Amino acid sequence: MAAEHDKTGSRGAPSDPDTREGLGAEAAEWLRTIGDAQDLTALQQLRVAYLGKKGEITQRLKALGALAAEERRVVGGRVNALKQAVEAAIEERKVALERLLLAAQLAGERVDVTLPGTRPPQGGLHLLTLVTNRLLDVFTSLGYEVVTGPELETDHYNFASLNFPADHPARDTQDTFWTTDGRLLRTHTSPMQVRYMETHKPPFKVVVPGKVFRNEAVDVTHEAQFHQLEALVVGERITMADLKGAINEMAQALIGPGTRTRLQPTYFPFVEPGAEFAIWWTNPRSGREEWLELGGCGMVHPKVFEAVGYEGVTGFAFGFGIERLALVPYAIPDIRYFYQGDLRVLEQFRGTL
Amino acid sequence: MKVPYSWLRTFFDEAVAFPEPRRLAELLDGLGLAVESVEEVPGAPEGAIVVDVRSVAPIEGSDHLSRTVVFDGGTEHVVVCGDPNVAAGMRTALVLPGTYLPAVGLTVQAREIRGVPSSGMLASAKELGLFEHGAGVLALGPDAPLGAKLAELWPAETVLELELTPNRADAFSLLGVARDVGAKLGLAVRHPAAGADCGDPAGDDGLTLDVQDPAAAPRFTLRKVSGVTVRPSPVWLQRRVAAVGLRPRNNVVDATNFITFELGQPNHAYDASVFEGGHMVVRRARQGERLTLLNDEELALDPADLLITTTGPAGDVPLGLAGVMGGAYGGVESSTTELVLEAALFDPVTVRRAGQRHKVITDARTRFERGVDPNLQELASARLAQLICDVAGGWPDPGITVFGQDLTRPAVPYRPSRVRFLMDFDVPGRAQRDYLVALGCGVQERAPDDWLVAPPSWRYDIALEEDVVEEVGRLHGYEHIGMTEPDMRFVPPASDPTHRRLRDRLAAVGLQETMTYVFTGAAELAKAAAPAPVVELASPQGTEKGVLRTALYPGLLAAAVANRAAGALSLFEVGHVFGDVEEERVALLMRGDRVEGGWRSGLAGDFFTLKGVLEGLAGLEGAVVETTPAEFAHLHPGVSAEVRWNGVPVGSAGRLHPAVAAAFELPEVYVAELRLPLGGKRIAFKEIVRQPYAERDLAVVLPVQVTYADLAARLVAAAGDKLISLQPFDEYRGGGLPSGSRSLAMRFRFRDAARALTDAEVDALMENVIRAVRSAGYDIRA
């Protein structure tokens, strides 16, 4: 029983069976009583009974003074040995009882770890915010400033200053929500081009995210309210190649290295030359490689610069719808889901770790 | 616009190589003439042959069926026909038994109808799959040879549908598209009107024209054609007209439509008799004047409307709304033999406003709005007269009546070097010149980098140097544009205009972001007890979307309704609201438990869990948020607070008024709405204090009307500057207290930065607090 021996042996001589033997039957009875103590209170009572001021052993030690020197040495040695043995036994029992107590406590505190956790409320961002944030990350990393502007606009900022003449069919391309007081809900984020240029001097690079509105029939791919992101870069000599470079960098950052971009001529009154741009990508929905028509772009029209009093500069602008960048990759079948506040939709895209 | 491939092909020499439809579509896309679709349109079914109707006899016992005998040039066939207009002498198509008609999913069978054996079927254009016209059997012109297979006369076609941008009015015709393709490929374009007899303006054609508003009708031509026979068009013409999406009607009308699409010149053919003894007057409408359009719609005219009128036999009668639509009177009838052809130019704005006023959208209006070639009218008139004589017989009058002059567009000073400057690619001068000339521009090279480019009359969109750069650029191809980075020094200022950090924080403490519509209904706002609308939409998509929101929370209430089935709900929205001024706000909505316990207890949501979210946000920014009792129409009067951010009122927070909640059938809901941006305070570092603090608790009994904020202000002042915090830890209302009272138990913490405070010192400070409580008339609860 080597293990047993080690435990007791470590507490020294009093535990030695030979020594204990020598203490006599009385001591053996005491040590057994100590070993049987059922709890720490009982053990404390035994300590008082043996070792307290009026305890058996204390009394015997006090009585030693009355003995002759020779006898005192012999008896004293025995009482001291007894004292040590009792102390050791009490300590031993105490440790044992504490261990039992802890075990009982731990057993009592056991929980069923397979029950579900209590969750702090978990919120999330709207998918369009997540996509916008991703875009803003890309553009801020490319050194663009982020600005925003009003949604209720004037004819001047939404059309006239952007070279949409009054009574021109170009306005028909932007089905407009007019207000009864002659203002309008902006049909694009481009009014911020003019607002920004009115209060800043080139060179600059800005992006404008925001809501825009078109009064057209609503269906699974068309909403009366949606979001655009507009970029405007003006400097001493900005070229169409800078424009294509910027669109390409955005495409690389959004979709991955090696992404191709395409410009094709088209018409927007506030750019000249104008183009629409597309990104060559693998449609995650169909798995097919195809051109994703994203938006319009071009070189800022001289009449727009004229409207804000700029001279001797060139610039590019591009803009595109954000919903499309959320609908297609996440395979969302109906654009109207974005504005219905349905948690069953919203909670599917809350952000990532 | 629909571009039939075989028609476009006729503008180029048959001998030259020409791209196949798919390649052509790519080419057009690259030119800025975006191709929306490429459609293969099937031709006539095999098994349909050209026949003449020889006799038509009613079948006894039927009110509409007839026994019709047709002749294919060799054999007679008997068929039963249900078309009341079938008449002897008519040329049409017989569908032989066994022929499948894919347009209607039917196989024609030889069968007996009412005792008459019918060996085939006379079919309508719709049944044959040729064009949308199901009333009556197909009517063919005399050019179609008897017995010929219709499929050979009417073969399959490839139609490219272009989505034209408003600037490219010139491309709204086959000629215009051909010009771009020719310029791109370096191919000569055959002008269909080349060599046509334009007539002699000095000749006497018996017509008089009075243009009373030259600004609205700057160019006007009339040409008389006599001796025509109105009948079904030849197959080739019907095919062309059908291919651009129109319904063939008769040879004259089909010719006018053909010319519109061929050259881009809207035009009109009148029966000449309506001018007899009078003249044509182009004038504004008179007050109260009315016009019945071709489609039988009657318009109450506006004095701003421009009219084509005649003072002929019927008196002063309007013939049409200029540039928009012709009238019911004066048009071509089957009996018409003499025509007056009109080809005119109208002011885009006059036409656009008339169209908008009367809500009429026509092909002519679209063309005039965008801009018709101002020098095309005489040539188009000549080409039309020639075509009508080809398909309807007759002869044009040697004279022509013309009003107005040719227009010359201002020449544009142009530096070829600007192509490199803007596009960042090189196109040699010679190539630039070739492109521009092919587009119809006059090019005068005054110096190597100083040209004068004279745009052709049909290009409204070339007025600036940049416009010329775009022309060269698109013909050279945008695929040659390189990719560079802007060369500039610009350090963007740090800012967060999209309130991204606020959104992140709200999401992090458990709120889900939503986005709702900025438009709502006045009734919806009233139901939510929100401020009355200020901004109203002129033509909304329904009354429930007729005004702009004056608050965000009604949208969140709608979302809460939509998510009625969900348990607890915590939503927020960042967005604009439109009161007297437009402002950005954030709104929060909470319903149900703040923390859902599930199988154990959670944390119920209430005003204080909502306020706690605001306090948490404020704490991040070092800002102070306070809520003071204030009534808001949409909030429960007893759980309603104005929110102050750093002392400034920014909005409201509270429990939704039970009446509003009931209107939305919502349970207890808490909402807050704050104006953005919420400012912070500059946070300066405070050294850590290592001294211990002393705590004392005190319960104060006070009237329920007295707010904790008022009490706390009093206690804080009394406690002095050793007080480092005051926290209420219990509120008690109930037995043992005077009615109308409550008890607030608070924990005070005192500390001195330099040394430990003694019990006696702390007790003395608390004595001050207690004195303050008593002097305010409140009690201490033992």
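General remarks:
- For chain A, the solvent-accessible area of protein heavy atoms averages 47 Å² per residue (probe radius 1.4 Å; ligands and nucleic acids excluded).
- Evaluated with a Cβ-only charge set (Lys, Arg +1; Asp, Glu -1), region B:100-213 carries a dipole of roughly 820 debye about its Cα centre, given to the nearest 20.
- Positive-end residue of B:V469, B:G442, B:G482, charge dipole of region B:405-493 with Cβ unit charges: B:G442
- Sites A:T114 and B:H480 - FRET efficiency at Förster radius 60 Å, r taken between beta-carbons, to 0.05: 0.35
- Environment charge of B:E626, counting only residues whose C-beta is closer than 13 Å and scoring Lys/Arg +1, Asp/Glu -1: -1
- Under 21 Å of direct C-alpha separation, and excluding same-chain neighbours fewer than eight residues apart, B:K149 reaches these lysines: B:K126.
- Mean ellipticity per residue at 222 nm, deg cm²/dmol - from DSSP H runs of n ≥ 4 across chain A, formula -39500 (n - 2.57): -13000 deg cm²/dmol
- Burial of 40 Å² or greater, region B:553-590 residues [accessible area, probe 1.4 Å, versus chain by itself]: B:N563, B:H576, B:E582
- Probe 1.4 Å - accessible area at B:M1, Å² to nearest ten: 20
- The angle between the Cα long axis of helix B:429-438 and the longest principal axis of the Cα atoms of chain B comes to about 60 degrees, rounded to the nearest 10.
- Simple point charges give the picture: +1 on the Cβ of Lys and Arg, -1 on the Cβ of Asp and Glu, and for region B:535-601 a dipole about the Cα centre of about 440 debye.
- In terms of its C-alpha gyration tensor, region B:489-598 has an oblate overall shape, because the principal axis ratio a/c (a ≥ b ≥ c, square roots of the eigenvalues) is not below 1.5 and a/b does not outweigh b/c.
- Linear extension gain, A:T33 paired with A:N80, 0.36 nm per residue minus alpha-carbon span: 15.0 nm
- Residues A:Y157, B:Y460, ordered by accessible area of protein heavy atoms at a 1.4 angstrom probe radius and largest first, appear as B:Y460, A:Y157.
- Threshold 50 Å² - residues in region B:474-489 whose accessible area is reduced by that much or more when the chain is no longer isolated, probe 1.4 Å: B:Y478, B:I481, B:M483, B:T484, B:P486, B:M488
- Rounded to the nearest 10 Å², the accessible area of A:H156 at probe 1.4 Å: 90
- Size of the B/A contact, given as accessible area buried on both chains, probe 1.4 Å, in Å²: 7100
- Förster radius 51 Å - calculated FRET efficiency between B:E132 and B:V491, Cβ distance, rounded to 0.05: 0.25
- Solvent-accessible area per residue, Å², over region B:637-782 with all protein chains present [probe radius 1.4 Å]: 56
- With the whole protein complex present, B:E583 retains an accessible surface near 40 Å², based on a 1.4 Å probe.
- The length gained by stretching the chain between A:D155 and A:N248 to full extension, at 0.36 nm per residue less their Cα-Cα distance, is 30.2 nm.
- Listed residue pairs exceeding 31 Å between alpha carbons, taken from A:K244/B:K545; B:K2/B:K359; A:K205/B:K359; A:K303/B:K2; A:K205/B:K611; B:K359/B:K545: A:K244/B:K545; A:K205/B:K359; A:K303/B:K2; A:K205/B:K611
- Spin-label model distance (nm) - B:D302 vs A:E198, 7 Å beyond Cα toward Cβ: 2.9
- Accessible surface of the protein assembly as shown, 1.4 Å probe: 52 percent of it comes from carbon and sulfur atoms.
- Cβ-based net charge around A:R336, under 9 Å, with every Lys or Arg adding one and every Asp or Glu removing one: -3
- A 1.4 Å probe run over the protein chains yields, for region B:324-366, 40 Å² of accessible area per residue, whole-number rounding.
- Here's the picture: charge each Lys and Arg Cβ at +1 and each Asp and Glu Cβ at -1 in the protein assembly as shown, and of B:T707, B:G735, B:I770 the one pushed furthest to the positive end of that dipole is B:I770.
- Inter-part distance where region B:539-559 and region B:614-674 are each reduced to a Cα centre, Å: 21
- Over chain B: helical MRE at 222 nm, DSSP H runs n ≥ 4 each giving -39500 (n - 2.57), nearest 500: -7500 deg cm²/dmol
- At a threshold of 10 Å², the residues of region A:282-302 that become less accessible to a 1.4 Å probe in the full protein assembly than in their chain on its own are A:M299, A:H301, A:P302.
- Taking every C-alpha pair closer than 8 Å and separated by at least 6 residues, the mean separation divided by the residue count of chain B gives a relative contact order of 8 percent.
- Each of B:S601 and B:A709 was given a label point 7 Å from its Cα along the Cα-to-Cβ line. The distance between the two points is 3.0 nm.
- Inter-site label distance for B:E112 and B:S226 at 7 Å from Cα along Cβ, in nm: 5.8
- Relative to the longest principal axis of the Cα atoms of chain B, helix B:377-392 runs at roughly 60 degrees.
- Theoretical gain in end-to-end length, B:A188 to B:V689 [0.36 nm per residue, Cα-Cα removed]: 171.3 nm
- For the protein assembly as shown, the dipole from Cβ point charges (+1 on Lys and Arg, -1 on Asp and Glu) about the Cα centre works out to 4660 debye, to the nearest 20.
- Per-pair calculated FRET efficiency, R0 = 60 Å: B:E665 and B:R420 via Cβ, rounded to 0.05: 0.35
- Net charge, B:G647 excluded, C-beta distance under 12 Å - Lys, Arg +1, Asp, Glu -1: 0
The values are calculated or read from the model by the stated rules, or taken from the named source; none is laboratory data. Here the structure is a predicted model, which is why all the values come from computation and not from measurement. Every residue, glycine as well, gets a Cβ built from its backbone with ideal geometry; the counts of neighbours run over all protein chains shown. Remember, those area values only see protein heavy atoms, side chains included, never the ligands or the DNA or RNA. Shrake-Rupley method; radii C 1.70, N 1.55, O 1.52, S 1.80 Å.
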